[in-house]
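Trainee: Below you'll find the structure I mean.
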Amino acid sequence: MKSWDAIIIGGGIIGLSLAISLRKQGLRVLIVERGEPGREASHAAAGMLAGSGLEIPPLLRPLAEESARLYPEFVHELEDESGIKVDLREHGTILVSQGREFPGAAELMSIEQLAATEPALAETGISGAGRGGPGGPPPHDQREIVAAYVSERSVDPRALVLAAIKAAKHRNVDISAGAEVKAVLVEHNRITGVETDKTSYAAPVVVNCAGAWAGCVGPERFPVMPVKGQMLAIVGGPKVDHVVRSEKVYLVPRSDGRLVIGSTLENAGYNKQTDVDTIQRLFQAAVELVPGLTTAKKHEAWAGLRPGTPDALPILGETSLKGYFVATGHYRDGILLAPVTAQIMSDLILVNAPHHNFASLAPDRFS
Ligand SMILES: Cc1cc2nc3c(=O)[nH]c(=O)nc-3n(C[C@H](O)[C@H](O)[C@H](O)COP(=O)(O)OP(=O)(O)OC[C@H]3O[C@@H](n4cnc5c(N)ncnc54)[C@H](O)[C@@H]3O)c2cc1C
């Protein structure tokens, strides 16, 4: 049986980034991917790098902030090694909130600032921007909307995974595509490799990065469940430069003119179908923010499955089987968290001493 120093189950952004990181440290690495690498959640994502987002659970914020800091270097290396541009955008995010809840780092915007910063939002009917500020008087009109700016980046996740695949190959990471891992192989409570539907591969270290399917690989079962997100992309409407997020919808511009609109959070099992009504609802919510979008053309609709966990936190660490690690459960933030995940998992695997204290993310917290 052919052997490697480490086998990674799953070629999404988490598995690819970790494979590259381990390879850089001299390990011989094999990625075993059921389908084509990078075609599941990592292909479906919007690509917001929302390190300061209020939706990020407090326990995860230090890691999210660190990953956001690591991003320019992460992207630079991938672009350099692959020759693929991943559309890292620095325009920042405009948050529109009826509840006036903004992260501490956000700067409230006046109507004039909003119209000057993102002209596409000038028509939105935002009525109370900038009034009061944090701790100021509450809005007297329930429908009043205010806006704030936060300095966050975005990336095109499809380009990012293509770059990561090419960079991994460039560094001689082996990839076995079209090979589904059925089980991990164990001898005397120690991992020895993986078994696919066709063959077996040997390694003293195996990392389960199978995203929403991580719980399906035996014998350890992680409580990961798929959370479906439907999205659409449009072209040809008014130019939007910033990521725009409201309670109902978000808009993520790409430099090639597409505008990505998302998304739903659905417990629908492993179903990745889109439905016309939902896509239309998302489009309508986008039009409420930017009325000029009525002239845009629908370009594509799709759905992906986020790896969710019971406490909405990733599962990172070694399992009770020696040599068997897991890095999954990144839910809504796996694109953002890829660089920091690669770093802490490499530290853990190579020197058994991660510089982060992440006991609260360890796999045994569910047992
Ligand atoms: C609609 C939507 C919008 C999102 N927006 C954002 C965003 O704006 N910002 C952000 O940071 N995150 C976002 N996310 C979340 C992000 O996409 C995920 O957290 C991230 O992609 C997870 O990466 P992964 O590598 O763990 O999973 P995946 O990309 O799903 O990769 C897992 C891989 O494992 C493979 N696999 C599964 N089982 C097996 C097996 N038994 N054997 C071999 N291979 C296997 C799969 O085929 C797949 O390729 C979004 C997700 C969705 C769905």
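Trainee: Do we find that His356 is modelled with pLDDT under 95 and in contact with a helix residue (DSSP H, G or I) (Cβ under 7 Å, 6 or more places away or on another chain) in this structure?
Mentor: yes
Trainee: For the stretch 212-249: of the residues being among the small types (Gly, Ala, Ser) and within 19 Å of the chain's Cα centre (by Cα), which is farthest from the ligand (Cβ to nearest atom)? Even if it seems obvious, please write down each step before you answer.
Mentor: If we filter the stretch 212-249 for residues that are among the small types (Gly, Ala, Ser), which is where we start, we get 212, 214-215, 218, 229, 233, 236-237, 246.
If we keep only those that are within 19 Å of the chain's Cα centre (by Cα) too, we end up with 212, 214-215, 229, 233, 246.
Values: Ala212: 6, Ala214: 7, Gly215: 10, Gly229: 3, Ala233: 12, Ser246: 15 Å.
That would be Ser246.
Trainee: From Gly323, Gly292, which residue is more than 24 Å from the chain's Cα centre (by Cα), among the small types (Gly, Ala, Ser) and modelled with pLDDT of 95 or more?
Mentor: Numbers: Gly292 fails: modelled with pLDDT of 95 or more.
Exactly one residue qualifies, and that residue is Gly323.
Trainee: If I filter the stretch 109-124 down to residues being buried (at least 20 other Cβ atoms within 10 Å of the Cβ) and touching a residue at least 40 places away in the same chain (Cβ under 8 Å), which single residue comes out as nearest to Val146 (Cα to Cα)?
Mentor: Filtering first and then ranking leaves Met109.
Trainee: Ok, one more. Take the residues in the stretch 302-334 that are free of Cβ contacts under 8 Å to residues at least 60 places away in the same chain and not aliphatic (A, V, I, L, M), then tell me which one is farthest from Asp275 (Cα to Cα). Spell out how you get there, then give the answer.
Mentor: Start the filter on the stretch 302-334 by keeping residues that are free of Cβ contacts under 8 Å to residues at least 60 places away in the same chain, which leaves 316-318.
Adding the requirement that they be not aliphatic (A, V, I, L, M) leaves 317-318.
Working: Gly317: 37, Glu318: 39 Å.
Taking the candidates together, the pick is Glu318.
Trainee: A further question follows. Mind checking which strands (runs of 3 or more DSSP E) fall wholly inside the stretch 255-367 and carry at least 2 residues that are small (Gly, Ala, Ser)?
Mentor: Passing ranges, in order: 297-308.
Trainee: So, in the stretch 49-70, exactly how many residues are within 11 Å of the ligand (Cβ to nearest atom), more than 23 Å from Ser346 (Cα to Cα) and surrounded by fewer than 24 Cβ atoms within 10 Å (Cβ to Cβ)?
Mentor: Within the stretch 49-70, the first condition is being within 11 Å of the ligand (Cβ to nearest atom), and the residues that meet it are 49-51, 53, 55-56, 64, 67-68.
Now drop any that are not more than 23 Å from Ser346 (Cα to Cα), which leaves 50, 53, 55-56.
Narrowing the set further to residues that are surrounded by fewer than 24 Cβ atoms within 10 Å (Cβ to Cβ) leaves 53, 55-56.
Selection size over the stretch 49-70: 3.
Trainee: For the stretch 281-301, give me the residue count where each residue is more than 16 Å from the ligand (Cβ to nearest atom), among the aliphatic types (A, V, I, L, M) and touching a residue at least 40 places away in the same chain (Cβ under 8 Å).
Mentor: Counting residues in the stretch 281-301 that are more than 16 Å from the ligand (Cβ to nearest atom), among the aliphatic types (A, V, I, L, M) and touching a residue at least 40 places away in the same chain (Cβ under 8 Å) gives 4.
The values are calculated or read from the model by the stated rules, or taken from the named source; none is laboratory data. Note that the structure is a prediction, hence the values are computed from the model and not measured. Using ideal geometry, Cβ is built from the backbone for each residue, glycine included, and neighbour counts are taken over all protein chains shown.
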